[in-house]
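In what follows, a single structure is set out as structure tokens and then discussed.
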Amino acid sequence: MSTRQFTPCMSNTSDSTTIDEIDRRILAILAKDPRIPYSDISKELAEGGFELSSEAIRQRVTSLLEITTSFFLLRPDTHEWEIVLITVQTDGGTSAKAEAFEAMSDMNFWFVGSGFGTVDLYAHATVSSTAEVDRLVNDVREIDAASEVDYFIETERTPAVERYLQVE
């Protein structure tokens, strides 16, 4: 197997928020073991045909830390809380969607997303009881721009970070 040489900086574009295949592989390795030494990452990448020094890995990790966030999810079945997903449809076009998005951004959600398709907005929250779910859902239903609100409580999950990172 031949190895490929890569520059020690993140991707070869001028856009500092663009990540390449090596960056995604590094993130996948770090997701499995955030304390892994750079030399071990270098060895693991070499097995996949990417030859980088430990210093090149350190530079890439430093750059990645500037454009990524830490996101640690605990299993809800091992704690006294649940994760709830709330979806919202709005009536009134983009202004209604923007109004609902802004209102939900001020609520106790740790993620609010806007998209298109079957729902206009969706948000995730961590709650300690079903009564708290009810309060949060009712608060969202009180938003004037929200025409339909649905939710479900996540009870189990299996993470597959390599799918998120598109590592081949």
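Tabulated data
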| quantity | calculated |
| --- | --- |
| Packing-based exposure ordering (other Cβ within 10 Å, fewest first) of 152, 50 | 152, 50 |
| Exposure proxy ranking, count of Cβ atoms within 10 Å, fewest first, for 23, 139 | 139, 23 |
| Sorted by Cβ neighbour density within 10 Å, fewest at the top, the residues 30, 52 | 30, 52 |
| Chain lengthening between residue 129 and residue 18 when straightened (0.36 nm per residue, less Cα-Cα) | 36.0 nm |
| Label-point separation, residue 53 to residue 95 (7 Å along Cα→Cβ), nm | 5.9 |
| Distance between modelled label sites at residue 107 and residue 154, nm, 7 Å Cα→Cβ extension | 1.7 |
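No value in this document is a laboratory result; all are computed from the given coordinates. Predicted model only: the values in this text are computed from it and were never measured. All Cβ positions, glycine included, derive from the backbone under ideal geometry; neighbour counts span all protein chains shown.
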